[in-house]
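This report concerns only the one structure given below.
Please treat every number below as a calculation from the coordinates, not as lab data. Computed from a prediction, not measured in an experiment: that's the story for all the values here. Cβ sites come from the backbone with ideal geometry, for glycine too, and all protein chains shown count toward neighbours.
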Amino acid sequence: MKYVSTRGAMHPQLFQDVLLEGLAPDGGLAVPESLPVVSTGLLESWRSLTYPQLAAELLGYFVTDIESADLLKMTTAAYSPTLFRSESIVDVRELNQGMSLLAVSEGPTLAFKDIAMQFLGQVFPYVLKARGTTLNILGATSGDTGSAAEYAMRSKPGVAVFMLSPHGRMSSFQRAQMYSLMDDNIHNLAVRGVFDEAQDIVKALAGDLDFKQTYRLGAVNSINWARIAAQIVYYFWGWLRATSGPSQQVSFAVPSGNFGNILSGHIAKRMGLPIRRLVLATNENNVLEEFFRTGVYRPRLPAQTHATSSPSMDISRASNFERFVYDLLDGDAARVKSLWQQLAQEGQFDLSDHLTSFERDWGFVAGVSSHDNRLATIRRVFDETGMLIDPHTADGVKVAAQYVESGIPMLVLETALPAKFSETIEQALGRPAPRPPGLEDLESRPQRVVELPCDVASVRDYIKEHAKV
């Protein structure tokens, strides 16, 4: 399998090349030239596979330049019960009102992003060793990507991580998870701005091709196709556990900020997984919900991006949205490039002529959840089931309830464990969220972070001084 850019100016490349590349040279995102289709019979034959085995099968479609035996070794190492709090890696747990929870947050940093990051933590060193080179990973986080990436890459040979986070915009638990890491190859940079501005710095440096090549910049944000590919696996896994026979439909509800998680579901649907609906849930930063309701994509300015109690979704410009628009426009890279030029100049673009196709052809519906909705949903789910969910997952449950259909399982993708957002849990229930064993003292541990102005030059200078070369 080879990959091209959503903006059309990248020569087709194999997986290892786009893994190390991150953002495409033309500013677009890598996408497969074509997608594999999984037959009904093959899908049924996968019911007995373990999670690492299923991951190796599915990733094998996208990673054709690594031997299948080596790929299985990587998925087995990545998805080990020694790293995850569940023997099966991902469980399905019944909630209420026709919904179940797809528990994808049982990894080392208690967030769904561990699933993809643990695979990256295996495949990056493998490729770098084979090529005899190093990589400086540059990323931005609104809360969970950073810690998941850092825990996966800490002390890995040939890799350094430079992670930008918005100063003062994450929960105290999220900050402590990242800033308490003391590994020499981990660099936490708190920039004085919002996530979208931090993400813009990452894109600007990734778009500076001379700087990118000189300092061997790579990406772990979901602009990296490997993240998307690894997340496709748990959609198949969830379907296999929520159904008992061929062609049964399942809906998925996904709390969405950067559009990477739900994009993986979109890819799974295109590969033939019987998905009825993809329910996109946003918080008050509802740019994506507005698009699926109106057809107009209108990101907000940083000053207009709300700081909410589901902070990992405090995002107005969703990096992965470009990949969906590429599909929506039947792979018309010239049109995608033109739309993103229009976005830069005018601040929005209008695809309302495609509005009727969003649900009919692609299965997308969307809804918004507020702070009061989150608190009420956390309380209700706990009272009815005894299960504690985090505020992002609560956004997903609240929106999913509008789209539950008789006979069609609704799987809500868990975003993180509640311990990461104890302040909001205490607001909802009057007591803090319990801590997983070993993390009771997290916030009191020594922290190491560098605070920087929110500008490209400051981050560039820091990387020049500390990069692996």
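Would you list LEU14, LEU20 from fewest to most Cβ contacts within 10 Å?
Working: LEU14 14, LEU20 20.
Going from sparsest to densest Cβ surroundings: LEU14, LEU20.
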(request) Would you pull out the residues with amide H under 5 Å of ALA140's amide H, same chain only if 5 or more places away, H placed 1.01 Å from N? (result) LEU164, ASN221
(request) Would you kindly derive the ³J(HN,Hα) couplings of region 323-328 from the backbone phi angles with the Karplus curve 6.51 cos²θ - 1.76 cosθ + 1.60 (θ = phi - 60°), listing them in order in whole Hz, with x for Gly and Pro? (result) 5, 5, 4, 4, 5, 4
(request) Take GLU33, GLU289 and order them by how many other Cβ atoms sit within 10 Å, fewest up front. (result) GLU33, GLU289
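Please compute the net charge surrounding PHE112, taking Lys and Arg as +1 and Asp and Glu as -1 over other residues with Cβ under 12 Å from its Cβ.
Neighbourhood net charge equals -2.
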(request) Report ³J(HN,Hα) in whole Hz for each residue of region 166-174, in order, from the Karplus equation J = 6.51 cos²θ - 1.76 cosθ + 1.60 where θ = phi - 60°; Gly and Pro get x. (result) x, 4, x, 9, 10, 6, 4, 5, 4
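Can you give the % of DSSP beta bridges in the chain that are antiparallel, to the nearest 5?
Details: 12 of 46 bridges.
If we restrict to bridges inside the chain, about 25 percent are antiparallel.
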(request) Can you tell me the relative contact order of region 1-110? Whole percent, Cα pairs under 8 Å, sequence separation 6 or more. (result) 19
(message) Taking 8 Å as the Cα distance limit and 6 or more residues as the minimum spacing, I'd like the relative contact order of the chain as a percentage.
(response) 20
(message) Quick check: the distance between the Cα centres of region 409-444 and region 1-65, to the nearest angstrom?
(response) 33
(request) Taking the Cβ of THR305 as the centre, find all other residues whose Cβ is under 10 Å away and add up their charges (Lys, Arg: +1; Asp, Glu: -1). (result) -1
(request) Can you put THR40, THR415, THR50, THR6 in order of Cβ neighbours within 10 angstrom, beginning with the fewest? (result) THR40, THR50, THR6, THR415
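Which whole-number percent is the relative contact order of region 313-469 (Cα, under 8 Å, 6+ apart)?
Values: 103 pairs, mean separation 21.1, N = 157.
This gives 13 percent for region 313-469.
Name the shape class, rounded, prolate or oblate, that the alpha-carbon gyration tensor gives for region 359-469, where a ≥ b ≥ c are the square roots of its eigenvalues, rounded holds for a/c under 1.5, and otherwise prolate holds if a/b is larger than b/c and oblate otherwise. Kindly include the intermediate steps, with their values, before the conclusion.
Values: a/c = 2.74, a/b = 1.50, b/c = 1.82.
Oblate, because a/c is 1.5 or more while a/b does not exceed b/c.
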(message) Could you give each residue of region 180-197 its phi-based ³J(HN,Hα) in whole Hz, using Karplus coefficients 6.51, -1.76, 1.60 with θ = phi - 60°, and x for Gly or Pro?
(response) 7, 6, 10, 4, 4, 8, 10, 10, 9, 10, 8, 9, 7, x, 9, 4, 4, 5
(request) Within region 60-140, report the chymotrypsin sites (Phe, Trp or Tyr not before Pro) that DSSP leaves as loop and that have at most 16 other Cβ atoms within 10 Å. (result) none
(message) List the residues, sorted by chain then number, that are 5 or more residues from LEU273 or on another chain and whose placed amide H is less than 5 Å from its amide H.
(response) none
(request) For region 230-350, report the convex hull volume of the alpha-carbon atoms normalised per residue, in Å³, without decimals. (result) 110
(request) Please grab the % of Cα pairs in region 1-114 that end up more than 24 Å from each other. (result) 44
(request) Using a cut-off of 13 Å between beta-carbons, work out the net charge of the residues near LEU209 (Lys and Arg +1, Asp and Glu -1, LEU209 not included). (result) -1
